[in-house]
Amino acid sequence: MDKREFKNKAYNELAKITKALGNPRRMEIIDLLAQGPFSVEKIAEQTSLSVANASQHLQVLKGARLVKISKKGNFIYYQLTNDKVFKAWRALRELGLDLNAEAEKLVNDFYRSGEKMDPVSIEELRQKISGQNVVILDVRPGEEYQHGHIKEATSIPIEDLAERINELPKGAEIIAYCRGPLCVYADEAVSLLREKGFDAKRLKEGYPDWKALGLPAE
């Protein structure tokens, strides 16, 4: 094999990964699977895809070795192949928000709408934990919390928050988080909490970002 042939084959193989990631729905699936393993039916439900379309996207990701399958009894679950997949997606997401002015504006405008200004960064949350009366609130679905969560975070899924809001102390600052900066569960939680008189903000990033930085998790 000469040098040109070697380079062509190497770059062609690597391009399979970027091609698999070059689709907005597959990016969303990667974001979802960063929370833990899911069945194709659950992935379809969470991404508003048909089961058939979700399955097709998953096969592309599997072909690029970005996801793998595991079996529990008669059920098949999809999950990220390893932590490097999320780290690559996180780097791509941050690159896009840094270089794509329209994407950055879209996210920033959304955060500023409805009094959702100034989300808290991970570093800011770490400082708050060490020095203030703070409740960390995980508003993802319960099964995602069970897969892993920020240490000492309280789990109240967004669909249960209205009924369970009295479980939260009024005197504390509440920092709500969900899957990541493109997830809206935390924004919904902050709006509801503020309506009820709570001091609430959202964490800009999500649990997978926290975990990727090696911070305390359970």
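Descriptive notes on the structure:
- Residues of the range 61-94 that are without any contact (Cβ under 8 Å) to a residue 24 or more places away in the chain, open to solvent by 80 Å² or more (accessible area, probe 1.4 Å) and not charged (D, E, K, R): Asn74 alone.
- Screening the candidates Leu161, Leu213 for the property of being open to solvent by less than 40 Å² (accessible area, probe 1.4 Å) and not charged (D, E, K, R) yields one hit, Leu161.
- Within the range 164-182, the set of residues being aromatic (Phe, Trp, Tyr) and open to solvent by 50 Å² or more (accessible area, probe 1.4 Å) is empty.
- So Glu28, is it out of contact with any His (no Cβ under 6 Å at 6 or more places or on another chain) and crowded, with 17+ Cβ neighbours inside 10 Å: yes
- Filter result for Gln46 (within 17 Å of Gly180 (Cβ to Cβ), under 16 Å from the mean Cα position of the chain (by Cα) and not in a helix (DSSP H, G or I)): no
The values are calculated or read from the model by the stated rules, or taken from the named source; none is laboratory data. As the structure is a computational prediction, the values presented were derived from the model and not from experiment. Cβ: placed from backbone, ideal geometry, glycine included. Neighbour counts: every protein chain shown. All accessible areas refer to the heavy atoms of the entire protein, side chains included, with ligands and DNA or RNA removed. Shrake-Rupley method; radii C 1.70, N 1.55, O 1.52, S 1.80 Å.
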